[in-house]
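Notes follow the structure.
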Amino acid sequence: MDHSQAPVLDALTAYQAQRQLPFTPPGHKQGRGADPRVRAVLGDSLFGADMLALAGMDDRTMSQGVLQRAEELMADAVSAKHTFFSTCGSSLSVKAAMLSVAGPHEKLLVGRDAHKSVVSGLILAGIRPVWVEPRWDADLRLAHPPGPEAYQAALDEHPDARGALVTSPTPYGTCADIGAVAALCHARGVPLIVDEAWGAHLPFHPDLPTWAMDAGADVCVTSVHKMGSGLEQGSVFHLQGDLVTADTLASRADLLGTTSPSVLVYAAMDGWRRQMVEQGTELMGGALSTAHDVRKAVEAIEGLHVNDRADFCGPGRAFDLDPLQVFIDLHELGFSGYDAADWMRRHHRINLHTSDHRRINAQLTHADDETTTTRLLDGLRDLVAHVGQLRPAPDIRIPDPGSLRLEQATLPRDAFFGDVEQVPADEAVGRVCAEMLTPYPPGIPAALPGERLNRAVVDYLRTGVDAGMLIPDAADSDLGTIRVSVHDVGAD
């Protein structure tokens, strides 16, 4: 296929060259009606490219096949059989994938380190989750993707499961052995979904972890905006094999998706595909070189340690690691990642990504260079020099894996939509949770609707909030109270 083409971008160019006149949404009419103060910030070109997909980018019947050709080019670029664009982020894409595999009350194997969007899919569809336990690092106090043996045990115990879902890479950059999990699923005749939201770049350089389609996954969900050059909310989901049909996947996406997709988001994904096909190996090679230099420089700063393969990979831990996710351990300095991230923004206007009780994360991409990394390193050196300005890390009571794992007492959907009440956090212990309680980032729920809360998890979340942890999806984000099912009054 001719990857010098960019069908969506070409259609936008043609629309403007033809001086077409819209009597359709969007109401700003190519920016003419937009407030000049808004145009001064966003730019006239943005408004000029903001148009309908129907009767804008393409005609009323989509006879030009603009979107179809863009999706076919994307599929060809990554050797998938089918590709679908989404302008609603991977949060929608992963739900569409789940609904393509399992329905109400049917079982789906799900790694318990799944993103909250997966849990939302369980709630919407009424799917019965069979949780697969992640590999827990007791020393570093973080979870890596479940191993193949955990999926094997779950498949043996639940032969009626309709499929499996694994998150890889995790927000910590650690990767599952997707090939082994896919082989286990296919031996049972069921599909594997991979939430690879953090892996858009993986197909474009041999020194990066193997991406899901190459490892044998049936459906792969990718956020182009996370590690690629797409605009926010740009997502693609890829399909191969015959265990899930393209018609089924498309119909589930249509059920959930917007009828007003952003052509701007389509265009950015289309252009990113062309960029990666033409320059991806060179760009990703440069990013890997930059990451190597940054890791080495951070490691040389006294008191900082960069987590590498020796920390995250090996028996009982992760299968592989994306080196572009630079996690910096602050344990020796004695303050939390939450406070460090806030300090870096306040004093250096540097926004870090994931932060937790002992780590901060600088996410590198092909867009970074010596200018950006020098500023990062200068900020980190200044952070260490001002260690006395940060409070000692508060005591976050992180439970052991046994206490962190909660009993799934009811279906997530039943608890979420059932009769609920808000009770003081201490009184919620022993009750069935009716909301998601998700430290964010990275967005992996500590408690789900339908899970029975215990003292260890409640204490973990409350002490985490005191230390700076954010739980934005809780009805009470300070976690003074927790929403629980009224039908569980008096439970132990």
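The values are calculated or read from the model by the stated rules, or taken from the named source; none is laboratory data. Because the structure is a prediction, the values reported are computed rather than measured. When we count neighbours, we look across all protein chains shown, and the Cβ atoms used for this are built from the backbone with ideal geometry, even at glycine.
In contact with a strand residue (DSSP E or B) (Cβ under 6 Å, 6 or more places away or on another chain), under 19 Å from I396 (Cβ atoms) and aliphatic (A, V, I, L, M), is that true of A340? Here the answer is yes, as A340 does meet what is asked. Going by what's in this entry, would A40 be described as under 31 Å from the mean Cα position of the chain (by Cα) and either at pLDDT 95 or above or in a helix (DSSP H, G or I) (or both)? No; evaluated as a whole, the condition is false for this residue.
Filtered by the rule that a residue be polar (S, T, N, Q) and part of a strand (DSSP E or B), segment 73-117 gives T83, S86. For segment 46-92, the set of residues classified as at positive phi and modelled with pLDDT of 90 or more consists of G65, S79, listed by residue number.
Mind listing just one residue for me: the one in segment 43-74 that is assigned by TED's automatic domain parsing to the domain that holds F237 and acidic (D, E) and, of those, nearest to the chain's Cα centre (by Cα)? Out of the qualifying residues, it is E71.
Taken as a whole, the condition of being at negative phi, surrounded by fewer than 22 Cβ atoms within 10 Å (Cβ to Cβ) and within 22 Å of the chain's Cα centre (by Cα) applies to A446. Taking the numbered list (1) at pLDDT below 95; (2) out of contact with any Cys (no Cβ under 8 Å at 6 or more places or on another chain); (3) not in a helix (DSSP H, G or I) in turn, G388 passes all entries but (3).
Looking at the structure I just gave you, is R317 in contact with a Lys or Arg (Cβ under 7 Å, 6 or more places away or on another chain), touching a residue at least 60 places away in the same chain (Cβ under 8 Å), farther than 15 Å from R381 by Cβ and of a type in the set (K, R)? Step through it out loud before you land on a result.
Working: in contact with a Lys or Arg (Cβ under 7 Å, 6 or more places away or on another chain): yes; touching a residue at least 60 places away in the same chain (Cβ under 8 Å): yes; farther than 15 Å from R381 by Cβ: yes; of a type in the set (K, R): yes.
Yes; evaluated as a whole, the condition is true for this residue.
Suppose we filter segment 138-169 for residues that are assigned to a loop (DSSP other than H, G, I, E, B), crowded, with 24+ Cβ neighbours inside 10 Å and touching a Gly at 6+ places or on another chain (Cβ under 9 Å); how many remain?
Filtering segment 138-169 for residues assigned to a loop (DSSP other than H, G, I, E, B) gives 138-141, 145-147, 158-163, 168-169.
Subset that is crowded, with 24+ Cβ neighbours inside 10 Å: 145-146, 163, 168-169.
When the remaining residues are screened for being touching a Gly at 6+ places or on another chain (Cβ under 9 Å), the result is 145-146, 168-169.
Matching residues across segment 138-169 total 4.
Among L202, L243, L249, which is surrounded by 19 or more Cβ atoms within 10 Å (Cβ to Cβ), more than 18 Å from C175 (Cα to Cα) and aliphatic (A, V, I, L, M)?
On the way: L202 fails: more than 18 Å from C175 (Cα to Cα); L243 fails: surrounded by 19 or more Cβ atoms within 10 Å (Cβ to Cβ).
Being surrounded by 19 or more Cβ atoms within 10 Å (Cβ to Cβ), more than 18 Å from C175 (Cα to Cα) and aliphatic (A, V, I, L, M) holds for just one of L202, L243, L249, which is L249.
Residues in segment 2-29 that are assigned to a loop (DSSP other than H, G, I, E, B) and within 17 Å of Q64 (Cβ to Cβ): D2, Q5, A6, Q18, Q20, P22, T24. Against the criterion of being of a type in the set (K, R) and either within 18 Å of Y266 (Cβ to Cβ) or surrounded by 12 or more Cβ atoms within 10 Å (Cβ to Cβ) (or both), R19 does not qualify.
Being assigned by TED's automatic domain parsing to the domain that holds I360, buried (at least 21 other Cβ atoms within 10 Å of the Cβ) and either outside any helix (DSSP H, G or I) or aromatic (F, W, Y) (or both) is a condition met by no residue of segment 280-289. Only one of the numbered conditions (1) more than 16 Å from V263 (Cβ to Cβ); (2) buried (at least 18 other Cβ atoms within 10 Å of the Cβ) is violated by D58, and that is (1).
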